[in-house]
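Q: Below are the structure tokens for one structure; questions will follow.
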Amino acid sequence: MTRLRRYEVFLPLRFNDGRPVPEELGAEVFLELRMRFGGASCETQVIRGVWQRGETIFRDELTRMFVDVPDTPEHMEFFAQFKEQLKERFKQIEIWITTYPVEAV
């Protein structure tokens, strides 16, 4: 059994102002993850979410990309920095990245 850590990156399909995100932006992120880690996965379904900041309510349409990698401090640091880059690239107040341990048989 191999113990790994999964990082899930939830990318918006719309900017905060409602305009659609160009598909190329998501494709670039997927390619970056694949090139860095040797593989990546994504889902084609739309994940819908609602969240609030102050008095403003945001409605999200998201896609999820993920990688399973060795659980190292370097990978955690990469994703912390990657999140900040994605917030700028996608013009977002927040980008949600989750992580948890996985075991592959």
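Values quoted throughout were computed directly from the atomic coordinates according to the rules given, and no laboratory measurement underlies them. Everything numeric in this text was worked out from a predicted model, so none of it was measured. Here the Cβ positions follow ideal geometry from the backbone for every residue, glycine too, while neighbour counts run over all protein chains shown.
Q: Spelling out what I want: for every residue of region 92-97, take phi, set θ = phi - 60°, compute 6.51 cos²θ - 1.76 cosθ + 1.60 (Karplus), and round to whole Hz; glycine and proline get x.
A: So the J values, rounded to whole Hz, are 10, 5, 8, 10, 8, 10.
Q: Based on the Cα gyration tensor of region 2-104, what are the three equivalent ellipsoid semi-axes, each the root of five times an eigenvalue, rounded to whole Å and given largest first?
A: After scaling each eigenvalue by five and taking roots: 24, 15, 13 Å.
Q: Distance between the C-alpha centers of region 63-96 and region 1-22? Whole Å please.
A: Centre-to-centre (Cα) distance: 8 Å.
Q: Now for a separate question. When the Karplus curve 6.51 cos²θ - 1.76 cosθ + 1.60 is applied with θ = phi - 60°, which whole-Hz ³J(HN,Hα) does each residue of region 30-42 get, with x for Gly and Pro?
A: 4, 5, 4, 5, 4, 5, 6, 10, x, x, 7, 10, 8
Q: Given a Förster distance of 41 Å, report the FRET efficiency between Ile47 and Glu74 from their Cβ-Cβ distance, rounded to the nearest 0.05. Don't jump to the answer; show the numbers that get you there.
A: Values: r = 28 Å, r/R0 = 0.68.
Plugging the Cβ-Cβ distance into 1/(1 + (r/R0)^6) gives 0.90.
Q: Along its three principal axes, how long is region 8-55 when you only count alpha carbons? Whole Å, largest extent first please.
A: Taking max minus min along each principal axis of the Cα atoms, region 8-55 gives 42, 20, 20 Å.
Q: Per-residue ellipticity at 222 nm for the chain, helices alone: DSSP H runs ≥ 4 residues times -39500 (n - 2.57), over residue total, nearest 500 deg cm²/dmol?
A: -10000 deg cm²/dmol
Q: For Leu86, what is the net charge nearby, where nearby means another residue's Cβ is under 11 Å from its Cβ and Lys, Arg count +1, Asp, Glu -1?
A: Around Leu86, the charge tally is -1.
Q: Over the chain, what is the relative contact order in percent, taking alpha-carbon pairs closer than 8 angstrom and at least six residues apart?
A: Dividing the mean separation by the residue count of the chain yields 46 percent.
Q: Multiply the residue gap between Val105 and Lys91 by 0.36 nm, knock off their C-alpha separation, and tell me the result in nm, one decimal place.
A: 1.2 nm
Q: Taking 0.36 nm per residue of sequence separation and subtracting the Cα-Cα distance, how much length would be gained by fully extending the chain between Ile57 and Arg14, in nm to one decimal?
A: Once the chain is fully extended between Ile57 and Arg14, it gains 14.0 nm.
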